[in-house]
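Below: the structure, in C-alpha cells.
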Amino acid sequence: MKKLLIASAVALFGLSNAQIAKGTTYLSGTVNFSASEDNNTNVKTSELTLVPTVGYFVANNLAVGVGVGYASNVTKNEGTISSKNTLSAIVVEPFARKYWTIGEKFYIFGQLSVPMAFGTDKREATVANVSTSTKENFTSVGVSVKPGLEYFFNKNWTLEATIGDFGYSNFKYKNAESVDNYNFGLDLGSVGIGVKYVFAK
C-alpha cells in the first residue's frame, strides 16, 4: 500500500512539472477556403482566410503572440440583375494563452485574444447594361476567450482543438452606427482543429 501511495505521488509530481519551457517559440495559423453554388438562385459564394500565427512563451506554460493575415468573402448573383459583393480585410489578432498540464503530453489551455479586422465592402451591380459600384470601409474589434486541448506528438509537432467561443465584437462601417455581437457557449459543432510546429529547446 505504501509503495502504491509513493508511486501515485511521484506520478502526480511528474505531471505537475511537465511544462512548456519559457523561451519556446511556435508557429501555427489558420488556412481556410470554401465555395458554394446555388443553381436555383444563381448565387455563388467563396470564402478565404489566411492568418499565420507566431507565439512565444514568456514564462513556463504562458505564451503570447499574434496572428496577421487576410480574409475575404465574395458573393456573386448571376441572375437577371447581376451583382457582386466583396468583403476583404487585413486581420490582426494578438493573444495570450495559458496552459495547464493534465498528462505527460496532454494540456488544457485558455486563450484570450483581441481579434481585429480592417477592410472594405465593395458592391457592384449591373442592370440593363448599366453598372454601378460603391465602396465602404469597415473595422471590427472584439475580445474572445477560447478553451482548448493540446496533444504533443513529439517535441516539435502538436495537435490542438478549441471548443466554442466566449466573446464580444463590434463591427462598424465608416459612416454608419456600429453593430455589437455577443457570443457565449461551448458549441461542439464549432470545434476548431489545428496543428502547430514548436521550436523546442
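The figures follow:
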read-out	value
Where Rh is the Kirkwood radius over Cα pairs, Rg/Rh for segment 101-201	1.19
Qualifying trypsin sites (Lys or Arg not before Pro) for segment 16-116 [loop in DSSP, other Cβ within 10 Å: at most 10]	none
Euclidean distance of C-alpha centroids, segment 69-116 and segment 19-59, integer Å	6
Fraction of the pair-distance distribution of segment 113-157 above 16 Å, Cα-Cα pairs, percent	69
Using a Förster distance of 25 Å, the FRET efficiency for residue 60-residue 92 (Cβ separation, nearest 0.05)	0.40
Point-to-point label distance, residue 74-residue 177, nm (Cα→Cβ direction, 7 Å offset)	3.4
Pairs from 76/172; 122/172; 76/135; 122/174; 84/122; 98/146 whose Cα-Cα separation, in the structure shown, is over 19 Å	76/172
Computed accessible area, residue 58, all protein chains, 1.4 angstrom probe, square angstrom	60
Radius 14 Å from Cβ of residue 46, net charge of other residues (Lys, Arg +1; Asp, Glu -1)	-1
222 nm mean residue ellipticity, helices alone, for the chain (DSSP H n ≥ 4; -39,500 (n - 2.57); rounded to 500)	-2500 deg cm²/dmol
Accessible-area composition of segment 46-127, carbon plus sulfur, in percent [1.4 Å probe]	64
Nitroxide proxy distance, nm - points 7 Å out along Cα→Cβ at residue 82 and residue 137	3.1
Length-normalised contact order of segment 87-167 in % [C-alpha pairs under 8 Å, at least 6 apart]	27
Calculated SAXS-style log₁₀ I(q)/I(0) at q = 0.08, 0.12 Å⁻¹ - the chain, Debye, Cα scatterers	-0.40, -0.75
Cα-based convex hull volume of segment 22-119 per residue, rounded to whole Å³	115
Surface accessible to a 1.4 Å probe, per residue, for the residues of the chain, Å²	63
Dipole of the chain [Lys/Arg +1, Asp/Glu -1 at C-beta], most positive-end residue of 24, 73, 134	24
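The values are calculated or read from the model by the stated rules, or taken from the named source; none is laboratory data. Remember, it's a predicted structure, so these values are computed and weren't measured experimentally. Note that each Cβ is placed from the backbone with ideal geometry, even for glycine, and that neighbours are counted across all protein chains shown. Side chains are part of the model used for accessible areas, which takes the heavy atoms of the whole protein and leaves out ligands, DNA and RNA. Shrake-Rupley method; radii C 1.70, N 1.55, O 1.52, S 1.80 Å.
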